[in-house]
Each structure stands twice: as C-alpha cells, then as structure tokens.
Amino acid sequence: MPSALLIGAITHARKEWEDLSSILTLKEFPEGTRDEFIRNCKDGKYDDVVVIYRSNASNKFTGPFDTELLSVLPKSLKYICHNGAGYDNIDIPGCSEKGIAVSSTPVAVNHATADVGIFLMIGALRQAYVPLSALRAGQWQGKTTLGHDPQGKVLGILGMGGIGREMASRARAFGMKIQYHNRSRLSPQLEGDAQYVSFDELLANADVLSLNLALNAKTRHIIGEKEFQKMKDGVVIVNTARGALIDEKALVAALDSGKVMSAGLDVYENEPEIEPGLVNNPRVMLLPHIGTATYETQKEMELLVLNNLRSAVEKGEMITLVPEQKDIFKGQNGK
C-alpha cells in the first residue's frame, strides 16, 4: 500500500486523516529540523510516499520546499497537498519539472482573510491604535486625532481573486467605490460594479490600497518607492497577503513623509521580524499574521487539504491545483 506523509500537525480534522488508513499507509513527521527531514529522505524512510501533506506552519520544521529539498524527496512522490492559500515557500517550477502536482487552499480562506482586511482598513482609517493604547495606559483619549470615514472613498484592490472579491463585497456595505487591477479583467458577473483599471491608474486613484495577490518573483516589491510616489497624499495601505509584496523600508519612509497616512498590516517581509519604523508608528495597525486564525476556517482548510489528498490518490487529480500547473497537468492529474 502506498504511503502519505504528514509534516506538522492536523488539529481539527485528525479523524479524517486517520480514516485515510484504509487506502494509504500513514506516516508522520510531527516536528524536527530540516536536517532530520533530509536525513529521513536520504535513509529511505519515505521511499513509498506518493503524497505529502504540508502547511505554512510546518515550514518551521522543514524549511521551504526549494531546490535542495526537492532533490532529496522520494522518487515515488506525485502530489504535495499544501495547507495555505499562499505557497511561496514551495518551488512550483521545480515541482512541475519533477512531475509533482501541488494543491493549495483557496476559497477556504476568503472570508476570514477579508474580515481581517476590513478590520485593518477601518482601524487604519480611524488610526485606532492611538486611542486603544491610550485607554489601556490610563490616558483616556491620549493623543487621539480625527480619523476618516470609508464612505465615498475609493478602495483599490490589487489582485481581485477570491479574497479581493470578498474585500470588495464588504467594502460596498461601507459605501466605498471599488476599483481593481488584475492580471486579467474579471467576467461581468464577478466584476459587478467594480471598475477595472491599469496598475498606474489604481495607484493614482485609490484612497485605500488593499493588496490581495500572490507573492512570486514578479510581484515581490510590487509596491516600492516609485509606486508610493504615484499614490495620493494620505493614502491608506492594507496588506493581508504577503509582506514581501511591499518594500517595507519604502513603506516606513512613505509613512514618515506623510505620503501614506496609515497602514493596516497582517503580514511582513521578514516574519517574525518587523521593521522598527512600523512597530514604533502609532498610526499603523499591526496584527501577527492571523488572517485565517479562526476555528471554522482552520477546519475548512484542513478538510480541503485532505479532500485534495484523497482525490489525488483515488482519481489522479487535485481539486484545487495551483494555477501555475493547470496547463501542465491538464487531463493527467489536475483538473
């Protein structure tokens, strides 16, 4: 019987994982170091593994699935089922070369991430950290200043995928106007009343700019010094996607100059390290990458990973194959 390897933990769908023992031998690497994992691979402990379950959380044990790690993975491996909407710690082109299909967990994360995005947006518009910290310090309103209403403001969404569209849906309730830029324009049904604009137009028009796109070589530092210069004075930046989409040092400079009025951030370029200029700026709302940290979302993500795993083994296809592999595995082991 072929094997499945779980790296890290399954918290909410442990029974569903154990139920897979009827079709797979279940192996686990619950914790450890990258060196230990590589040694296990080289010693042949995983030679019958056809599918791996990994997550962004398990990255702390194995490190990224980069060229080095891909070179030692068992030759039997055909599928990597990843728990996370973002998968920048997996070398997708390298997996494709080796014929390894990769799935992620889009859709499952949309609501929770968009909720946090709106929370950060309102907090940044109102500069809520100032009164929050003043109150707990016994200073009542402290240095609280007037904030801004979302009504009538332009929310510019960079990356109008599932999370971006949920951000738009919520922002409409606040009376905001939606503009977006995407690799390609959405269908009229998905677009609704949102206005499709060029990247430069989005930068120029947005009162609030929300980043909701994947991190890859092309999008790294997609927002930097040049992009900040094209924005309105007093713009608000919200990022719930990946920290490295923004040049953080450029963001600090833009905040210090007043070009950016405030920011709401759940992700950072070098987590868990954060630029001191962000931590020390009371106009910035900060969260420690908790966008999907709800019981309901975590369970839904785990179940989607396991459904991908079962589908891969039983049908030879992934339910949520990463977009970069759609053409590569079309008709073979990806929809």
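The values are calculated or read from the model by the stated rules, or taken from the named source; none is laboratory data. Fair warning: this is a prediction, and the values are worked out from it, not measured in the lab. Because the Cβ atoms are built from the backbone with ideal geometry, glycine has one as well, and the counts that use them run over all protein chains shown. Areas reflect the complete protein model, heavy atoms only, side chains present, ligands, DNA and RNA absent. Shrake-Rupley method; radii C 1.70, N 1.55, O 1.52, S 1.80 Å.
In table form, for the structure just shown:
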quantity	calculated
Unique residue being surrounded by 14 or more Cβ atoms within 10 Å (Cβ to Cβ), touching a residue at least 60 places away in the same chain (Cβ under 8 Å), charged (D, E, K, R) and at negative phi when the list is 88, 48	88
Residue count for the stretch 242-251, restricted to those that are in contact with a helix residue (DSSP H, G or I) (Cβ under 8 Å, 6 or more places away or on another chain) and crowded, with 20+ Cβ neighbours inside 10 Å	3
In the stretch 92-127, the residues that are farther than 23 Å from residue 149 by Cα, part of a loop (DSSP other than H, G, I, E, B), open to solvent by 20 Å² or more (accessible area, probe 1.4 Å) and out of contact with any helix residue (DSSP H, G or I) (no Cβ under 6 Å at 6 or more places or on another chain)	98, 99
The stretch 62-82: number of residues that are open to solvent by less than 50 Å² (accessible area, probe 1.4 Å) and of a type in the set (S, T, N, Q)	2
Test: residue in the stretch 280-301 that is open to solvent by less than 20 Å² (accessible area, probe 1.4 Å), over 22 Å from residue 107 (Cβ atoms) and out of contact with any strand residue (DSSP E or B) (no Cβ under 7 Å at 6 or more places or on another chain)	yes
Any pair with Cβ under 7 angstrom, 6 or more apart, that starts in the stretch 285-302 at a residue that is within 20 Å of residue 237 (Cβ to Cβ) and ends at one that is open to solvent by 70 Å² or more (accessible area, probe 1.4 Å) and of a type in the set (Ser, Thr, Tyr)	285/129
Residue ID - nearest to the chain's Cα centre (by Cα), chosen from residues in the stretch 23-40 that are farther than 11 Å from residue 6 by Cβ and either among the acidic types (Asp, Glu) or buried (at least 19 other Cβ atoms within 10 Å of the Cβ) (or both)	31
Yes/no for residue 268 being touching a His at 6+ places or on another chain (Cβ under 8 Å) and open to solvent by 70 Å² or more (accessible area, probe 1.4 Å)	no
Number of positions in the stretch 192-230 that are assigned to a loop (DSSP other than H, G, I, E, B) and closer than 14 Å to residue 250 by Cβ	4
Yes/no for residue 256 being within 23 Å of residue 125 (Cβ to Cβ), touching a helix residue (DSSP H, G or I) at 6+ places or on another chain (Cβ under 8 Å) and acidic (Asp, Glu)	yes
